[in-house]
Amino acid sequence: QNNNNNNNMMPSSSSIVAMAKEKASGSGARVNKDADSLLRLGLPITNKEVRKLQTDIENINIDLGSKRKAAALDGVKKVKTQLVSNNKALTSMVNACRPDAKCETLVQNMDPLLSELSLKIAASQDAFTGSEQERTAIDGAYKAWNTLQQELTNLEEGMVPAGYRTPVPSEYSDLPQLQGRATVEFVIKKGPDTVGVFNINGNNYPEAKMTMVIDGYVAPITGGNFIELVQKGFYNNMNIQRSDGFVVQTGDPDGEAVGYTGGTPSKAVGAGPKGERLVPLEIMPLKDYPGQEALYERNIDEDGRGGEATVLPFSSYGAMGWAREEYSPNSGSSQFFWLLFDSDLTPAGKNLLDGNYPCFGYVVKGADFLQDVKEGDIITSAKVTQGVNNLKLP
């Protein structure tokens, strides 16, 4: 596959790093870097009680990571209070759910997990610092918390209104659209000119396997275009074409074309110089969501809203962005990137990616592999594992 980077598809890493450092202003310490959390926040729901519940559950994990065990235990108690039967907050959350979501059952599932979490945290307090007993207890606490946060995700997903679709202008009806979310799995192996294994934190792996959630609520056209190309096998056996410590990028096929040429170009957007099917720039400002259309064919600055936050920020390692020429909003076709940049320097709304490039998903499993993915490595498999029914073709 094409190893000649199309350097016009992204601004240079040095310019973005410099600007990000200038604009970060030390606020990166509180940046939300958790892909699962960001995806929950990206759901088209407005229930305030479940957002408070989410914050409290996620703060338990933050306290665990900082070894603030007493604060973590207090957080568990706070969450339990919100989930007591006949509590107004609980009633509000259950009433906000679709009937098929069975949210009462989801909430009931949380109670034993909270009890297990509390027991494990208390056991870690009783153990000697640095002992095997402390490590075992903390591992158990993380295991319970991870199951708890999955139940939280299920609860919030159950609040998405039945049949919800992010509105898309009719002129783009001749492009694929993702009406909801989909899950994609990529398998990458080392190329002939690179070391034969992926070395991640001292451990060797024969292949890199990553799971990604693609968000059609926030980026219906970008997400739809990507999912259709995955379904067609477009990315199978394609080389990684850029890996510079800032992004890992691919999607440039063999030949003169720099994008996908197999589809019918959109009448509204047109075709690229070599017949590439192009997609419009698609940016979803936080203030417009849910319920309104994204911005199309212009970035957030050109809309007079510079500095506004977007729904999905580039603040997680492995955030996925749609590549395009820097000064041409509708030049994206099939190239995309995973962001590797230190998110401490790219707080949401204060960098050159948010509001300029669509963030259309996140790596939720296996993101660490990106640190050793190099140019010339090969995507041996790309497949949609969940949500393909949400893809709507023209």
*Would you confirm whether any residue within region 104-119 is out of contact with any Pro (no Cβ under 9 Å at 6 or more places or on another chain), charged (D, E, K, R), open to solvent by 40 Å² or more (accessible area, probe 1.4 Å) and closer than 29 Å to residue 163 by Cβ?*
yes
*asked:* Quick test of your reading of the structure: residue 168 fulfils all but one of (1) open to solvent by 40 Å² or more (accessible area, probe 1.4 Å); (2) touching a strand residue (DSSP E or B) at 6+ places or on another chain (Cβ under 7 Å); (3) closer than 27 Å to residue 333 by Cβ. Name the failing condition by number.
replied: (1)
*Which strands (runs of 3 or more DSSP E) does region 281-394 wholly contain that include 1 or more residues that are closer than 19 Å to residue 41 by Cβ and of a type outside the set (S, T, N, Q)?*
319-322, 336-339, 359-365
_Yes or no: region 254-271 includes at least one residue that is under 21 Å from residue 339 (Cα atoms) and in contact with a strand residue (DSSP E or B) (Cβ under 6 Å, 6 or more places away or on another chain)._
no
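Which one is surrounded by the most Cβ atoms within 10 Å (Cβ to Cβ), of the residues in region 264-276 that are without any contact (Cβ under 8 Å) to a residue 40 or more places away in the chain and assigned to a loop (DSSP other than H, G, I, E, B)? Explain how you work it out, then say what you get.
Going through region 264-276, the residues without any contact (Cβ under 8 Å) to a residue 40 or more places away in the chain turn out to be 265, 271, 273-275.
Filter again for assigned to a loop (DSSP other than H, G, I, E, B), leaving 265, 273-275.
Numbers: 265: 18, 273: 10, 274: 12, 275: 14.
Looking at residues that are without any contact (Cβ under 8 Å) to a residue 40 or more places away in the chain and assigned to a loop (DSSP other than H, G, I, E, B), I get 265.
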*Mind listing whichever residues of region 120-154 are among the hydrophobic types (A, V, I, L, M, F, W, C), outside any loop (DSSP other than H, G, I, E, B) and open to solvent by 40 Å² or more (accessible area, probe 1.4 Å)?*
123
*From (1) modelled with pLDDT under 95; (2) open to solvent by 60 Å² or more (accessible area, probe 1.4 Å), pick out the condition that doesn't hold for residue 77.*
(1)
*Scope region 230-260; condition within 27 Å of residue 316 (Cβ to Cβ), open to solvent by 10 Å² or more (accessible area, probe 1.4 Å), part of a loop (DSSP other than H, G, I, E, B) and of a type in the set (D, E, K, R); matching residues*: 244
*asked:* Tell me the residue from 251, 262, 245 that is at positive phi and either among the basic types (Lys, Arg) or at pLDDT below 95 (or both), please.
replied: 245
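Conditions (1) within 25 Å of residue 37 (Cβ to Cβ); (2) open to solvent by less than 30 Å² (accessible area, probe 1.4 Å), marked per residue:
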| site | (1), (2) |
| --- | --- |
| 262 | no, no |
| 281 | no, yes |
| 297 | no, no |
| 303 | no, no |
| 308 | yes, no |
| 326 | no, no |
| 335 | no, yes |
| 357 | yes, yes |
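The values are calculated or read from the model by the stated rules, or taken from the named source; none is laboratory data. Model, not experiment: these values are computed from the prediction. Neighbour counts run over all protein chains shown; Cβ positions are idealised from the backbone, glycine included. Accessible surface is based on the protein model in full, side chains and every heavy atom, while ligands, DNA and RNA are left aside. Shrake-Rupley method; radii C 1.70, N 1.55, O 1.52, S 1.80 Å.
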